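So the structure is just underneath, and the comments pick up after that.
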Amino acid sequence: MTDPSTPPAGAPPLRTTLILSLPAIAIGVLTAVILFAVSRVADALEDVVWTTLPTGLGVDDTTGWWTFGVLTLTGLVVGLIVWLMPGHAGPDPATTELVSTPLGLRTLPGLLLVTIIGLAGGVSLGPENPIIAINTALVVALMARLFPKVPTMLAVMLAASGTMGALFGTPVGAALILTGMVGMAKGGGALWDRLFLPLVAAGTGSITMLLLGEPQFAIALPPLGAPEAGDILSGVVVTVVAVLLGLGAVHVYPLLHRVFHLLRNPVIPLTVAGAILGILGVIGGEVTLFKGLTQMGELAQDADSMTVWQLTLVALVKIAALLIAASAGFRGGRIFPSAFIGVAIGLVAHAIVPAVPTSLAVACGVLGFVLVIARDGWLALFLAAIIVGDPTVLPILCIVILPAWLMVTRQPPFLIRAPQPGPEEAAANPEKAAP
């Protein structure tokens, strides 16, 4: 029989866990405050660019040429920063996952600038990847100085957890996402022993953002009510369509990435991409711009007054905008726009077959598309559930995700594998060669 006083294998001692709880709380607050500050600065700049400036010039900010001009200029400015700033605003974002190797501190100013400019300029990417990268770099540097014995991997998990808790407004999302990281880590041990400190950071980050009054994912939709047998079939169909659209984007992604990276200098590709995003913004309307968090609520509110073709156009334009922005090198995350696309797919499904409940269609649309782009079943289930805010859809989602996962699991991820440097290049640039 195992001695209950003996800590599980791979789990930190209780005394260490208690000591590190205070830094974990501080990290949760820090990561949330940084996210809040970046969001506020981006919102202020967005207001200047899209409201104050055109109003002062007597221009309608929704006119096509203004949208085209702003996004083209955004691409140009981001390209110049990526080209000229130290660290080049981090590695090619198409080659990085949600949580990646910590960046050097000299990279952060450029990454911070392009993130704010992209968010304010209307680029169809979210803040999650760069904010996690910024917070991770800062936390790893602080922990190395203040607590040098703390493993780097734990510092990364605390930073990522705090940021994800702040992004999603609940620590549950961070816990679900990190189960995969913990499961792959060495040493075994009880899951909750190893998740304790990350959950402290995630919970603190969530509460901090809630106290700061940031908008949440949930949108106003009529509840599903008591599920019926036909809802499973409807859910499977909507989810499969969303998965197929996502897989189409996955297979187009490397082709576009290759085209945009024919030139080593990022200025021209990003400027061209900004111009294309401007054209797409003119076609799809303002609702297809920006990260998509606020816009998904606006789309759901206006869906009844839109035709099937208008909703379909919104979904297709947003998919194209995500592909262009992500493949060209704009710094930003893919989860927020993917959630918007899933909402749009669900609204299209409900518009085509009104008998399919709106909340079910939207949840399944989000589940299918996010599953492909994030390649994380927990995250897809979590986002689908919190966006519709209806717990009655969960049993159906747990069923429809099964065939969806079978479709996705053997397909390539929405990720470009970075080329590995040769021995000479690795010796000359050890930071680039780090795994």
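Coordinate-derived values only; no laboratory data. Note that the coordinates shown come from a computational prediction; the quantities given were computed from them, not determined experimentally.
Pairs of Cα atoms nearer than 8 Å and 6+ residues apart set the relative contact order; for segment 229-408 it is 31 percent. Distant-in-sequence amide contacts of Gly126, defined by a placed amide H-H separation under 5 Å and a gap of 5 or more residues or a different chain, comprise Gly333, Arg334, Ile335, Phe336. The orientation-averaged shadow of the Cα convex hull for segment 204-322, equal to a quarter of the hull surface, comes to 11.3 nm². In whole angstrom, how far apart do the alpha carbon centroids of segment 240-285 and segment 109-148 sit? Between the Cα centre of segment 240-285 and that of segment 109-148, the gap is 23 Å. The average projected area of segment 229-408, computed from the convex hull of its Cα atoms over all directions, is 9.7 nm².
Here the scattering of segment 255-325 is modelled by Debye summation over its C-alpha atoms, one equal scatterer each and no solvent; at q = 0.11, 0.12, 0.22 Å⁻¹ the log10 of I(q)/I(0) is -0.32, -0.37, -0.93. Pair-distance distribution of segment 369-418: all C-alpha pairs, bin width 10 Å, starting at 0; shares per bin in whole percent are 24, 52, 20, 5, 0.
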